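Written below as structure tokens is the structure these notes are about.
The values are calculated or read from the model by the stated rules, or taken from the named source; none is laboratory data. All of these numbers come straight from a predicted model, not from anything done at the bench. Don't worry about glycine lacking a Cβ; one is built from the backbone with ideal geometry, like all the others, and counts go over all protein chains shown. Quick note on the areas: whole protein, heavy atoms, side chains included, nothing else; ligands and nucleic acids left out. Shrake-Rupley method; radii C 1.70, N 1.55, O 1.52, S 1.80 Å.
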Amino acid sequence: MVSEETTTKTKVRTKAPIPPTDTRTADGAGRGGATAAAEAKSTATRAWAMRLVPVGIVLAALNLRPAITSLGALFEEVRDGLGMSGTVAGMLTSVPTLCFAAFGVMAPRLARRFGPAAVVCAGMAAIAAGLVLRPFLGSTAGFLAASALALMGIAVSNVLMPVIVKRWFPDRVGPMTGLYSMALALGTSLAAALTVPMTDALGGSWRTGLAVWAVLPAVAFLPWLVLSRGDRSAVRDAARGTGRAAADEGQDDAGFRITRSRTAWALAVFFGLQASSAYVTMGWMAQMFRDAGVSAGMAGLLVAVTMAMGVPLAFVIPRVATRLTHQGPAVIALGACGLAGYAGMYVAPAGGAWAWAILLGISNCAFPLALTMVGMRARTNAGVAKLSAFAQSTGYLISIPGPLLVGVLYQHSGGWGLPIALMAALMVPQIVIGTLAGRDRTVEDEVAAKAAAA
């Protein structure tokens, strides 16, 4: 009995053995589950960010010109209030392009170190701080220093906007560049049109009228603060050599020299010539009309119309440009409008004032076209960053003499014939070089071909 009972118990115990634990299979399943969860979280985060990035782009773009155009609207009051000499006041008009050239080159390095969204976030903070501080520092030196701080934020954001568009919307470079350019043009026009009325509504102090524009970059700071958190993770991945960010950053080859690309130089010169034309238009066009007998109010309205042309066209032109294999036809069309506008200003500035204002406004839309070509002429994120920094910094340096030379010619000739002839003459190389920059090629391929041939 005992033996039989023992045998039965043994059979029961051995009938359903416990399967051995496969540690490797369990760990793999755990890791697979964690990876799937991480990928799902990453997909959800990216979908959410895809909705936030366009908001951030629009808000950032709205802040890239009011620091300049709001000052232009109250320039006489600022000069009198701070007791600026004529020389210092003249230097102040050149500070934006100098800052864009000097600080713009820093943007790619900062973007690699901290991430482009984090740098734009810091740029918005710098703009807000500069705008709120500069009216209240009480001296010309302080005003210039605070202006430089705001312009530094504008410069790095200028350069990185095409990078962010290429990074987040590689298949929609045209529409997103158009959205950004349209918001930039809108910010430019709003600051020019609203600064004086807002100053009057807020008590008439030019200090308050300038400082109020700090609210806009403070608002723009918020979405970029959120987006910069993702940048910090991407930078950490790049430092460890893992993840998508590492792949993108790894494309930034130490041997990649943007100056060895002919397209990069063509785009930089094209950017500089169109910027020179735009700054001449913004700085001198009202005086041209007034000297032709147009009233001061009407002259200001004509300039506003010229700038406002960029709002709808800045959205349309990049979309058209990305559908073209070669952007040369777009360059030629805009240049032809510029030539016609300058010819009209030379022959009958008052008689066809509205037509010339519209034509020159269309011509100034070479700016969004140039930005679109920056995104199209580079294949990688690193390439876009380098090309954007090089084209904009070099271009703004090229643009500096234009407005100054126009002023000198006007002063010494006593009229606008020579200055207008100069601007029309510069439109010819702008068309030729812009057509070269519009060829279907990338700076990475050009640099690689040169390196292989060496």
_Residue among 328, 365, 385 farthest towards the positive dipole end of the range 310-454, charges placed on Cβ_ = 385
*So for the range 340-396, what are the equivalent ellipsoid semi-axes in whole Å, largest first, each being the square root of 5 times an eigenvalue of the Cα gyration tensor?*
35, 10, 6
*Let me know the charge dipole size of the range 52-133 about its Cα centre in debye, to the nearest 20, where only the beta-carbon of Lys, Arg (+1) and Asp, Glu (-1) is charged.*
500
*May I have the extent of the alpha carbons of the range 313-454 along their three principal axes, as whole Å values ordered from largest to smallest?*
54, 31, 22
*In Å², what does the accessible area per residue of the range 98-139 work out to with a 1.4 Å probe?*
40
*Might you work out the accessible area of residue 140 for me, using a 1.4 Å probe with all protein chains in place, and round it to the nearest 10 Å²?*
30
*Please work out the FRET efficiency for the pair residue 50 and residue 324, using the Cβ-Cβ distance as r and a Förster radius of 30 Å; give the result to the nearest 0.05.*
0.70
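Want the number for residue 440 to residue 262: 0.36 nm per residue separation, take away the alpha-carbon distance, what's left?
Between residue 440 and residue 262, full extension yields 62.8 nm more.
In terms of the Cα gyration tensor, with a ≥ b ≥ c the square roots of its eigenvalues, is the range 106-201 rounded because a/c is under 1.5, prolate because a/b exceeds b/c, or oblate?
oblate
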